[in-house]
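Heads up: the structure comes next, in structure tokens.
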Amino acid sequence: MKGLTLSPTNHCFPNLPGKIPTTDPQPLQKCYPIQSITKHRRQSLILPSIAVKSSQNPHQFPPIQQHDSPPLVVVGSANADIYVEIDRLPKEGETISASNGQTLAGGKGANQAACGGKLSYPTYFVGQVGEDAHGNLIAEALRNGGVRLDHLRNVGDGVPTGHAVVMLQSGGQNSIIIVGGANMSCWPEKLGDQDLEIVKNAGIVLLQREIPDSVNIQVAQAAKDAGVSVILDAGGMDTPIPAELLRSVDIFSPNETELARITEMPTESFEQIEEAVKKCHNMGIKQVLLKLGSKGSALFVEGEKPIKQPIIPAARVLDTTGAGDTFTASFAVALVEGKSKEECLKFAAAAASLCVQVKGAIPSMPDRASVTDLLQTAQVS
């Protein structure tokens with residue numbers, strides 16, 4: 001996947017605490033009060049089993065989960081993905097026709113939150129959208145995925161929701177142009193107590209680089225002080241990652257291209273990858289969760305032998321958009337549920353395999369039953 005990030009809008013104003021407007025007359029039900037969530041430290045991530053209540057609306061998936069596990073908290077971006085299906089990328093100065101086009105909810109943060117919700121794990125999303133149709137589209141997609149929207153803010157005042165143009169080619173490969181919009185504008189200089197409190201009481205926190213580094217740093221430091229594990233997805237801005245951010249994360253998750261850019265080292269072979277990961281360790285990163293596309297994935301823990309996970313082959317590949325976000329979020333869910341590192345990698349590989357078989361980012365996120373069934377099938381074969 002190739003990506004290009006455009007400069008954010010210059011609109012800015014004091015942050016407003018209001019919630020995202022919704023076309024659903026019923027507000028989110030049974031959101032967990034912050035004070036009722038038990039704080040879990042890094043060494044205490046084994047959680048009770050999940051009990052799911054049937055949804056009254058058969059078109060709303062998944063239903064609200066009925067358990068008191070500390071939530072997955074995703075702080076990050078929300079985009080409207082404008083898809084155009086093309087046979088090839090246009091040449092300079094050339095105009096070509098798309099065979100199809102549609103707008104779907106996406107953005108790395110929203111993707112990861114939707115994945116957590118669809119895997120039937122209690123998930124909160126902290127992010128910003130504009131007061132426009134794209135913002136409503138994203139809110140509806142997250143709500144239907146079971147994500148709590150208490151911390152999704154509408155920045156209003158003419159700031160558009162972030163959006164991306166996804167040029168999808170045959171074979172599922174894509175090139176993406178991102179417009180930051182509300183993702184990069186008007187965040188408060190200091191995050192509010194409510195946002196930081198949900199972070200401090202999380203089971204695990206996911207971050208990406210499609211929002212300002214200053215926001216990620218505040219969240220990561222708050223989580224670290226509370227003993228909450230943080231995974232930083234390297235996707236997003238291609239600027240240098242601040243050292244104070246890296247020092248506050250537990251797991252750093254790039255793909256091989258991002259690893260090469262960050263370390264300024266080649267990553268064409270596994271031996272080269274190992275050397276690049278060593279440089280990450282020297283930068284203070286203890287664990288590197290590496291996404292290797294068709295070559296699978298690997299987890300590098302400083303001082304330990306790397307754990308490799310091959311892909312679980314997909315029946316067909318329609319769209320790779322969101323596959324990395326699905327992998328990272330699925331790994332996080334498995335980790336907070338107390339699975340072993342090997343089990344986490346397998347669970348994430350199965351989820352990513354299902355993701356690439358459906359067009360769109362959030363629409364392609366798999367449910368838990370599908371992931372479990374695929375794992376069982378893969379073990380038998």
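The values are calculated or read from the model by the stated rules, or taken from the named source; none is laboratory data. Remember, predicted model here, so these are calculated numbers, not experimental data. With ideal geometry, Cβ positions are generated from the backbone for all residues, glycine too; neighbour counts draw on all protein chains shown. Ligands, DNA and RNA are stripped out before the accessible areas are found, and what is left, the full protein with its side chains, is counted by its heavy atoms. Shrake-Rupley method; radii C 1.70, N 1.55, O 1.52, S 1.80 Å.
Here is how the numbers come out for the structure above:
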| item | result |
| --- | --- |
| Solvent-accessible area of HIS134 with every protein chain in place, 1.4 Å probe, in Å² to the nearest 10 | 60 |
| Principal axes of the stretch 293-381: Cα extent on each, largest first, Å | 39, 25, 24 |
| Sum of side-chain charges, ASP325 neighbourhood, beta-carbon under 9 Å (Lys, Arg +1; Asp, Glu -1) | 0 |
| Percent antiparallel among DSSP beta bridges (both partners in the stretch 115-261, rounded to 5) | 35 |
| Per residue accessible area of the stretch 104-230, 1.4 Å probe, in Å² | 26 |
| Equivalent-ellipsoid semi-axes of the stretch 227-315, from the Cα gyration tensor, Å, largest first | 20, 15, 14 |
| Total formal charge among the other residues, if their Cβ is under 14 angstrom from that of ALA133, Lys/Arg +1 and Asp/Glu -1 | -4 |
| 29 Å Cα-Cα threshold exceeded, pairs from LYS305/LYS359; LYS278/LYS339; LYS305/LYS346; LYS200/LYS359; LYS278/LYS346 | LYS305/LYS359; LYS200/LYS359 |
| Heavy-atom accessible surface of the stretch 248-381: percent carbon and sulfur, 1.4 Å | 53 |
| Tail fraction, Cα-Cα pairs, the stretch 72-193, threshold 17 Å, whole percent | 58 |
| Label-point separation in nm, GLN102 to ILE307, each point 7 Å along Cα→Cβ | 3.6 |
| Difference of contour (0.36 nm per residue) and Cα-Cα distance, GLN272 to SER170 | 33.7 nm |
| Radius 13 Å from Cβ of LYS291, net charge of other residues (Lys, Arg +1; Asp, Glu -1) | -1 |
| DSSP beta bridge pairing in the stretch 235-381, given as percent antiparallel to the nearest 5 | 75 |
| Packing-based order for 77-84, 106-113, 296-303, using average beta carbon neighbours within 10 Å, highest first | 106-113, 77-84, 296-303 |
| The stretch 143-215, Cα convex hull volume normalised per residue, Å³ | 153 |
| Size descriptor, Kirkwood hydrodynamic radius, that averages inverse alpha-carbon separations across the stretch 176-227, Å | 11.9 |
| Estimated vicinal HN-Hα couplings, Hz - the stretch 298-314 in sequence order (Karplus 6.51, -1.76, 1.60; Gly, Pro = x) | 7, 10, 10, 10, 3, x, 10, 6, x, 9, 9, 9, x, 5, 9, x, 8 |
